[in-house]
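The values are calculated or read from the model by the stated rules, or taken from the named source; none is laboratory data. Given the structure is predicted, the values throughout are model-derived calculations rather than measurements. A quick note on method: Cβ atoms are made from the backbone with ideal geometry, for glycine too, and the neighbour counts reach across all protein chains shown.
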Amino acid sequence: MTLLHRLRSVVHWIFHRSKAEQGLNDELQSFLDMSVADKIADGLSPSEARRLARVELGGLEQVKEHVRTERHGARLDEIGRDVRYALRLFFKNRAFTCTVVLTLALGIGANTAIFSLMDALMLRYLPVRNPQELQQVWLQSPGAKEPGGESFSYPIVRALGDQRDIFSGVAGFAGTSFDVGTPGSFNRVPGALVTGGYYSTLGLNPVVGRLLTDDDDRVGAPLSAVISYGYWQREFAGSHQAVGQTIRIKGNVVTIVGVTPRGFVGANVGAVADITMAIAALPQMYPTMAPLLGTGNVWLRVLARVNQGMSTDEATSRLNVMWSRLADSLINPGWPPSERKKIAESVFRLTPGGTGWSYLRERYRNPLYILMSAVSLVLLIACANVATLLLARASARHKEIAVRLAIGASRARVVRQLLIESTMLSLIGAGVGVAFARVLGSILVGLISTDLSSVNFDLTPNWHVLTFSSAAAIVTGILFGMAPAMQMTAVNPLVASKDESRTTAGSRSRLLPSLVVAQVALSLVLLAGAGLFVRTLNNLQSLDPGFRTEGVLLVELEDQRGLIPPTLVEELQRLPGVLSTTVSTHTPFNGWTWSEPVMPAGQPLPERDNAFVVAAGPRFLSTLQSQLVAGREFTDRDRRDGVPVALVNEAYAARYFPNGSGIGEHLSTNIAGYKDFEVVGVVRNAKLAGLRVAAPPTVYVAYYQLKSARATTISVRAAGSLARVSSAIQQTLQPKFPNTPIEVRGLSTQVANTIVRERMMAMLAGGFAVLALTLACVGLYGLLAYTVSRQTKEIGIRMALGAQASRVVASVVTGGTRLVTLGVLVGLPAVWIGSRSIESLLFGVTPLDAVTIAGAILVLLAAAQVAAYLPARRASRVDPLEALRHE
Amino acid sequence: MDKLDIPQGTLDLMILTILVREPMHGYGISQRLEQLSHGHFQVNPGSLFPSLYRLEQDGKLKGEWGASENNRKAKYYKLTASGRKQLEQHRERWDRVAFAITSVLEGA
């Protein structure tokens, strides 16, 4: 029989149900009538004939039910009835329903939130043509197992784009931001710089106007920009006149040539590019950035589309043939030969690139997996909780189910009905959970977003996410529903239908406590994990970085040309509230570093950079409050006309001047045109590139001895309100630089931004652990309350015989403590396994840190005491007379 | 006389066979079955009607309301072309099964 036929009869049944029912009635009635008539004809009395015919028929309703179950769609019908029945039950037990739905909403919502972030970051395809065909291009160093080099120089991307026999399109891109607007009112707009092949490779069509092409990606081409759909709506109200209009970016007039389709915000996942321009426009807009077009800057990510019909393997091998031919001309000649050789010997790799690229992926993949595991544990605990609630309620439904079984329902049928109930509960929970996930998701994005690099994800639930949460709901529904359903139906109808339903509760008393033990074990894992993350964050925050982060403002002038004149620094120094001002090329954790080969005079320079370099002005150490160990710091006299001087940090001094302080020694190098520096001071180690890594050997050179401009940050140490000083700085500087956006931010923010991930992990893991602990305590409370209510009679007798109230309390609390202890014992091996998997994210604490684990156990025990106390108190107030009359 | 249980899976075959000659209503089918089996089989309505409904639903039978011998309203079942085909197939298979069983029993 065809599926179509079957479907038709189902549909027919749904729409003509009452008619079909009527037909069946008539038919059976006529059967009965004929049977009776025959029997009368055989000589039976009419009443006897009717009786016998009825007996032969065997129950009108049973026959009907048998026929109904033969029908296609009969299942559907039964399920529909079960659903209606479940809804009625839910409505009748509103408190129970709300508790269950809320518990599940928290569990499923947390899972959905983490999953939707994973989806947005790692799973979702870019909204472009055939995204699954896109390949990301990598360069893999010789000997490396994984492709590592994902960034390429502009000339290499152009060369890749020229390989028409391999690629039908090659797109190079990098995120940036543009300061749009007129002098005095700049607006920083997130954007992207792309190669000419970007849009054609992605296969996008403009909503209006045109998109950028190779013609725009030529030096000297008119400055053109493509804007995103969102920017078009916000800034131009979606007007078609937007195309052809100009915007000012840093004083340059840029023409808007087109709008990208809705939903596409760039190939950088997590970042929004509202304005996109061709890379070749850079030199014209920012002359200082011209080197970005050369071979010396490796900064573009590459997505490519391989020619139709060509396999990835073939494309890769052709690419490598090309590389062996062209590598020499494409690698920066200024790099050391060993470096050049390593790059030339690297091989190209192609990996699926349809999901775009994001620096966040590398950084948050592991944390997200860990959080996903954590929320799954939370969901398991929630399931156990709901199962406990269902079991506790089972006694109330015992009779109902016994009756169902007694009048002929099969066990499978009743189990199915109970499972439908639990699945419905979890689906409702999932519905609420999805809404909750929206909120949690945006909090999460807010946590990983910093003012330096904002993170944007479209977290509108899509089909991925909805499928995930419904699957989670159905699985959990079956998970928490199955055990109670099996248990509730495993009864002898004869016994259960009698009033004494408690006699059948024997086996239940094992399942309930084991659920609580499981909850405690899972909570312990989460608590210990959260403890480790919180301690990691604490360790990083309380770490002495070698300078004082509080009270320092960092001022940056975009597009600053030339050195910052000392007069300007002195002017800021005179502002009220300012304690000390300095300039430097780098500030701690600003995101980029400068390194050079620097050796004690007389020793050959190594090929590789061996020291970090910071050019710093006078009062640098006092402004950052870095400690001078010996010698002096830079002063106003360290100018171009003076002897080139340098400071070294303790790490450098320890390595290169092991015998002596290093002061008075000379350094041989090639920094800013100087070959020789005299060491005039030694500085305490200060972290530069990250809190987790020890301060590297660092050489400080005098800023005002530099011969050419370098990007500079002015650091201002202030007392009192930083906000007031910040606006005073803005007001002083802006009139002097009308065309320049001025950015003022706190050093403490910059430092805090380096531990965004750790803060997120500590907060989320902590939050989930608290949630887990709460759920586990509710579970324990539920079990004990239930036990106490079942033992009312026993407790009453004991009290009547003279048991003290305190003894009764103690016995209940001890029961609870025993379960928690068991849970802890079960949980410890799980902690051992789980904490190993988070080892790489920890800092200053080992995965099996005894203090943390002991703390987690203590927290659990304390919380369990609270949870056990309430039922215990109720037990102690049992009135013996009342209890004995209870039955 | 003690009635025999109708062997599993053979009720459909017998219903289809009975309906080859002429359309019949449920009661008629049950009577004919009893008669043809010399009283060994008596079909229970709780088995008969589900079978009839299933066969109808699968397009092997077609049910039509009509008047019975003594002018009662009754639902008559008629064999469809597809039902006839199924009957042939099942009949052939049954013949082989019966032959095989008989051979085994007699050969032993």
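Some points to look at:
- Residues of the range B:34-50 classified as of a type in the set (S, T, N, Q) and touching an Asp or Glu at 6+ places or on another chain (Cβ under 6 Å), total: 1
- Considering the range A:38-69, and only residues there that are at the interface with chain B (Cβ under 7 Å from one of its Cβ atoms) and part of a helix (DSSP H, G or I), the residue that is farthest from the chain's Cα centre (by Cα) turns out to be A:Leu57.
- From the options A:Trp357, A:Trp335, residue that is among the aromatic types (Phe, Trp, Tyr) and touching an Asp or Glu at 6+ places or on another chain (Cβ under 8 Å): A:Trp357
- All positions within the range A:728-776 that are over 35 Å from the mean Cα position of the chain (by Cα) and part of a helix (DSSP H, G or I): A:Ala728, A:Ile729, A:Gln730, A:Gln731, A:Thr732, A:Leu733, A:Gln734, A:Pro735, A:Lys736
- When restricted to residues that are farther than 30 Å from A:Leu554 by Cα and of a type outside the set (Phe, Trp, Tyr), the range A:431-480 contains 30.
- Among the residues of the range A:110-141, those identified as among the small types (Gly, Ala, Ser) and in contact with a Lys or Arg (Cβ under 9 Å, 6 or more places away or on another chain) are A:Ala113, A:Ser116, A:Ser141.
Quick grid of which residues meet (1) surrounded by 15 or more Cβ atoms within 10 Å (Cβ to Cβ); (2) aliphatic (A, V, I, L, M); (3) assigned to a strand (DSSP E or B):
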site: A:Val517; (1), (2), (3): yes, yes, no
site: A:Ala528; (1), (2), (3): yes, yes, no
site: A:Val534; (1), (2), (3): yes, yes, no
site: A:Phe589; (1), (2), (3): yes, no, no
site: A:Arg608; (1), (2), (3): no, no, no
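- A:Leu722, sole failed condition from (1) in contact with a Gly (Cβ under 7 Å, 6 or more places away or on another chain); (2) within 18 Å of A:Val520 (Cα to Cα); (3) among the aliphatic types (A, V, I, L, M): (2)
- One residue from A:Ser422, A:Ser410 being at pLDDT 85 or above and among the small types (Gly, Ala, Ser): A:Ser422
- Some residue of the range A:235-255 being assigned to a loop (DSSP other than H, G, I, E, B), within 33 Å of the chain's Cα centre (by Cα) and in contact (Cβ under 8 Å) with a residue 24 or more places away in the chain: no
- Residue that is nearest to the other protein chains (Cβ to nearest Cβ) [pool: residues in the range B:69-83 that are of a type outside the set (A, V, I, L, M, F, W, C) and within 16 Å of the chain's Cα centre (by Cα)]: B:Lys75
- Number of positions in the range B:35-53 that are within 11 Å of chain A (Cβ to nearest Cβ) and either without any contact (Cβ under 8 Å) to a residue 12 or more places away in the chain or among the polar types (S, T, N, Q) (or both): 7
- Just one residue in the set A:Arg416, A:Arg404 is basic (Lys, Arg), modelled with pLDDT under 85 and closer than 30 Å to A:Leu87 by Cβ; that residue is A:Arg404.
- Residue check for A:Glu78: assigned to a helix (DSSP H, G or I) and within 14 Å of chain B (Cβ to nearest Cβ): no
This table checks each residue for (1) in a helix (DSSP H, G or I); (2) over 24 Å from the mean Cα position of the chain (by Cα); (3) of a type in the set (Ser, Thr, Tyr).
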residue	(1), (2), (3)
A:Ile795	yes, yes, no
A:Thr817	yes, yes, yes
A:Leu822	yes, yes, no
A:Val826	yes, yes, no
A:Gly844	no, no, no
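- Residue within the range A:180-188 that is among the β-branched types (Val, Ile, Thr) and exposed (fewer than 13 other Cβ atoms within 10 Å of the Cβ) present: yes
- Here the range B:57-68 is the region considered, the condition is being more than 9 Å from chain A (Cβ to nearest Cβ), surrounded by fewer than 19 Cβ atoms within 10 Å (Cβ to Cβ) and not small (Gly, Ala, Ser), and the residue that is farthest from B:Leu87 (Cα to Cα) is B:Glu64.
- None of A:Gly172, A:Gly197, A:Gly191 is surrounded by 23 or more Cβ atoms within 10 Å (Cβ to Cβ), among the small types (Gly, Ala, Ser) and more than 28 Å from the chain's Cα centre (by Cα) except A:Gly197.
- Of all the residues in the range B:19-38, those that are surrounded by fewer than 19 Cβ atoms within 10 Å (Cβ to Cβ) and among the small types (Gly, Ala, Ser) number 1.
- Single condition A:Leu7 does not satisfy, out of (1) assigned to a helix (DSSP H, G or I); (2) at pLDDT 75 or above; (3) more than 10 Å from chain B (Cβ to nearest Cβ); (4) out of contact with any helix residue (DSSP H, G or I) (no Cβ under 7 Å at 6 or more places or on another chain): (2)
- In the set (1) more than 27 Å from A:Glu571 (Cβ to Cβ); (2) surrounded by 14 or more Cβ atoms within 10 Å (Cβ to Cβ); (3) touching a helix residue (DSSP H, G or I) at 6+ places or on another chain (Cβ under 8 Å), A:Ile742 fails one condition alone, (1).
- Of the helices (runs of 4 or more DSSP H) that lie entirely inside the range A:265-379, those containing 3 or more residues that are touching a residue at least 40 places away in the same chain (Cβ under 8 Å) and either surrounded by 15 or more Cβ atoms within 10 Å (Cβ to Cβ) or of a type in the set (Lys, Arg) (or both) span A:282-285, A:312-330.
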